[in-house]
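Report on the structure given below.
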Amino acid sequence: MNRSSIRENAFKLIYSLEIQETENLEEQIELFFESNKINEEDAKKYITDVVLGIDKNKEQILKDIEQNLKAEWKISRISKMDLSILKLAIYEIKYNEIPYKVAINEAVELAKKYGEDKSKNFVNGILASIVKEM
C-alpha cells in the first residue's frame, strides 16, 4: 500500500468518525482495519497516529480552520467531507511534519475525488492560508 492509499484510508476513517462521533477511538480503528483488510504495519501505524493525533489536537485544528474561513462562514457550514480532509492535512502539516506541498496536494486530490465541485478550491485556499500563517 503506497502513502497516498494509506492517507486515503486514514481520510475514510476520519470521515466515518466525523459522522458517527464515537467514544472509543481505538476500537473503531481496529474495526476499520478488520473491515478494510488493512494488515500492513506501516499503514496501521500511520492511520492510528493520524486519528489519535487529530483527536488530541482537535481544538487547535478547528481553531486553525475557523480563523481562515471567510467572515460570514462558520465551521458548521463546512461539509463533513471537506472538514475531514482539512483535519487530516492540517495534522500532517503542523504535527506530523509532512512537507506542506505534499499535504496540500494530497488533500486537493482527495477533495477532487470525494468532495463537491468547489471542494478542491476551498480546501486549497484554507490550507494555503494556514501555511502562510506558520
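At-a-glance table
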{"read-out": "On Cα atoms only, tilt of 80-94 relative to the major axis of the chain in degrees", "value": "90 degrees"}
{"read-out": "With Cα atoms, 0 to 90° folded angle of helix 25-35 axis to the chain main axis", "value": "70 degrees"}
{"read-out": "Probe 1.4 Å, protein heavy atoms only - accessible area per residue of the chain in square angstrom", "value": "59 Å²"}
{"read-out": "Residue with peak Gaussian network fluctuation, the chain [Cα springs, cutoff 10 Å], from 65, 78, 104", "value": "78"}
{"read-out": "Debye, to nearest 20: dipole size of the chain, +1 on Lys, Arg Cβ, -1 on Asp, Glu Cβ", "value": "620 debye"}
{"read-out": "Region 51-95 - percent of accessible surface contributed by carbon and sulfur, probe 1.4 Å", "value": "48 percent"}
{"read-out": "Label-to-label distance, nm, for residues given as residue 56 and residue 40 (7 Å Cα→Cβ offset)", "value": "2.4 nm"}
{"read-out": "Hull shadow area, averaged, the chain [alpha-carbon convex hull, nm²]", "value": "7.7 nm²"}
{"read-out": "GNM top mover of 57, 39, 121 - the chain, alpha-carbon springs below 10 Å", "value": "39"}
{"read-out": "Crossing angle, helix 58-67 versus the chain [Cα axis fit, 0-90 degrees, rounded to tens]", "value": "30 degrees"}
{"read-out": "The chain - mean residue ellipticity at 222 nm from DSSP helices (-39,500 (n - 2.57) per run, n ≥ 4, rounded to 500)", "value": "-24000 deg cm²/dmol"}
{"read-out": "Gaussian network model of the chain, Cα within-10 Å springs - most flexible of 74, 58, 37", "value": "37"}
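The values are calculated or read from the model by the stated rules, or taken from the named source; none is laboratory data. What you see is a predicted model, and the numbers here were worked out from it, not measured in a lab. Ideal geometry is used to build each Cβ from the backbone, glycine not excepted, and the neighbour counts take in all protein chains shown. Accessible surface is based on the protein model in full, side chains and every heavy atom, while ligands, DNA and RNA are left aside. Shrake-Rupley method; radii C 1.70, N 1.55, O 1.52, S 1.80 Å.
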